[in-house]
Amino acid sequence: MNHPALFDAFPALAQRLARAPLLEGPTPLQPLAQASQSLGVEVWVKRDDLSSTVYGGNKPRKLEFILGRALAEGRRELVTMGAMGTNHGLATTIHGQRLGLTTSLELFPQPLTSVVLKNIKLFKHFGARINLSPTMERAFLRFRYWQRLRRPGACFIPAGGSSPLGAVGYVSAGLELAGQLAAGQGPRPQAVFVAAGTLGSQAGLRLGLLLAGQDIPVIGVAVVPLAAANAKAALNLARRTLALLRAADPSVPELTLAAEDFVIDPGQLGPGYGQPTPAALAAMDLLSRQEGLSLEPTYTAKAFAGLCAWAQERPGQGPLLFWHTYNSARLDHLADQVDPAGLPEALRKYFLAQ
């Protein structure tokens, strides 16, 4: 099991922050030689898609601390929310089941893709309780009020796992990257690119790098409207995360954070959340053909499209680092075993339309 870089940097936190070990080791840094040649700039990837062979991506880093606290508090149920194909909801369901926890999902509609349909089947396979509301606002109200009345003893996890406690996982990720750079495992990047939705990955990553003394820009490529993914929101989350860490261990340095520390790239959103764009599809094709890496159109393809656009606007200015947050554990065979007829009626109709 992985010993988090956060505990190496601040040993007292190992005694004060509960953790459920979900990661299987530091994720590797790898060069993208062919993509670098195509883009005219040196490009590397941080393979968080390999964070867990059970279900990887960026979510297990956040869930290590969220589920650790849930277990420490004796919780037996998890409740979270997200879009209809939420990767966070699936990761919570899978890793929660491994720890003996049941999961309820409050979902809202999003554009249909093959990934969305697969995740819906996997919710069923792994035993999640599922409710689909007609709008995001309705799902939030059910999550915030109705579920809390019905399940007062459950652990309530915000969308994306992007609470201060969840962001702690990406503070550790930033420290992990800094350690890899110091060990010569890759070059110091001019910028790191990561998908920006609920902002936990970007806020934690930037904070972790700053705590390591590495002032490396972390560019969050917005996959949701700027009303949700913006520098002020990322700053607020980072400040709250730092306060949590310092409350647990005063040896964690106080940092002066500003909105300028959190760069948001709004140029890849396209028509909206979950809507594939030509640039995202081109990014998917490039990494699949040239590097054998799989992206999906909602988050990672738009993040890599942001990197591609940056490289085109600044020829030769690198190296650049793409933070790969999509799970690469193959679960298709499990989804294929699920009969859509067993899904709630509100979700079943999407399969009948195929």
Nonlocal amide H pairs with Met84, under 5 Å, H built at 1.01 Å: Phe108, Gln110
Mean-position separation - Cα centroids, the stretch 250-303 and the stretch 229-244, in angstrom: 18
Overall Cα dimensions of the stretch 249-346 - principal axes, largest extent first, Å: 53, 43, 27
Under-5 Å amide H pairs with Ala196, H placed in peptide plane, nonlocal only: Val221, Ala222, Val223
Normalised contact order of the stretch 1-150, rounded percent, pairs of Cα under 8 Å and 6 or more residues apart: 17
For the stretch 82-182: relative contact order, % (alpha-carbon pairs under 8 angstrom, 6 or more apart): 28
Calculated from backbone phi, Karplus (6.51, -1.76, 1.60) coupling profile of the stretch 253-263 in Hz, x at Gly/Pro: x, 6, 10, 8, 9, 9, 4, 5, 6, 10, 8
Gln34/Asp215 FRET efficiency (R0 35 Å; Cβ-Cβ; nearest 0.05): 0.70
Within the stretch 122-192, chymotrypsin sites (Phe, Trp or Tyr not before Pro) in DSSP loop having at most 16 other beta-carbon neighbours inside 10 Å: none
Evaluated at q = 0.16, 0.17, 0.23 Å⁻¹: base-10 log I(q)/I(0), Debye formula over Cα of the stretch 147-195: -0.63, -0.67, -0.92
Portion, in percent, of the accessible area of the stretch 68-187 that falls on carbon or sulfur, probe 1.4 Å: 54
Dimensions (Å) - the stretch 38-191, Cα atoms, principal axes, largest first: 52, 37, 26
Quotient of Cα Rg and 2.2 N^0.38 Å for the stretch 110-178, N being how many residues it contains: 1.41
For q = 0.07, 0.12 Å⁻¹, Debye-computed log10 I/I(0) when each Cα of the chain counts as one equal scatterer: -0.27, -0.83
Hits among aspartates and glutamates - C-alpha to C-alpha of Lys121 under 19 Å, sequence gap 8 or more where chains match: Glu106, Glu296, Asp332, Asp336, Asp339, Glu345
Accessible area of Met136 in the full protein assembly, 1.4 Å probe (Å², nearest 10): 100
Positive minus negative residues near Leu17 (Lys, Arg vs Asp, Glu; Cβ under 14 Å): +2
Charge tally in the Cβ shell below 14 Å around Gln190, where Lys, Arg are +1 and Asp, Glu are -1, Gln190 excluded: -1
Average silhouette area of the stretch 21-115, convex hull of alpha-carbon atoms, in square nanometres: 7.8
Residue of Gly127, Gly166, Gly200 that the Gaussian network model of the chain assigns the largest fluctuation, springs spanning Cα pairs under 10 Å: Gly127
Kirkwood estimate for the stretch 204-294, i.e. one over the average of 1/r between Cα atoms, Å: 15.2
Cα radius of gyration and Dmax for the stretch 114-269 (Å): 17.7, 52
The stretch 303-354: translational diffusion in µm²/s, Stokes-Einstein, Kirkwood Rh over Cα pairs, 20 °C, 1.002 mPa s: 143
Among beta bridges that DSSP assigns inside the stretch 1-145, antiparallel share in %, nearest 5: 20
The stretch 73-82 - phi-based ³J(HN,Hα) in whole Hz, Karplus 6.51/-1.76/1.60, Gly and Pro as x: 8, x, 6, 10, 10, 10, 10, 8, 9, x
Span-rule helices in the chain, defined as complete DSSP H runs reaching 24 Å or more along the axis (Cα) with Kyte mean at least 0.5: 164-182, 231-248
Ellipsoid semi-axes in whole angstrom, largest first, where each is sqrt(5λ) of the Cα gyration tensor of the stretch 174-216: 19, 11, 8
Estimated inter-spin distance, Ala183 and Arg314, nm [label 7 Å along Cα→Cβ]: 2.7
Of Lys124/Lys349; Lys46/Lys232; Lys46/Lys302; Lys59/Lys232, pairs whose Cα-Cα distance is over 18 Å: Lys46/Lys232; Lys59/Lys232
Percent RCO, i.e. relative contact order, over the chain, from Cα pairs under 8 Å lying at least 6 residues apart: 22
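The values are calculated or read from the model by the stated rules, or taken from the named source; none is laboratory data. These figures come from a predicted structure and were not determined experimentally. In this analysis, Cβ positions are derived from the backbone assuming ideal geometry, glycine residues included, and neighbour counts consider all displayed protein chains. Surface accessibility is based on the protein's heavy atoms, side chains included, excluding ligands, DNA and RNA. Shrake-Rupley method; radii C 1.70, N 1.55, O 1.52, S 1.80 Å.
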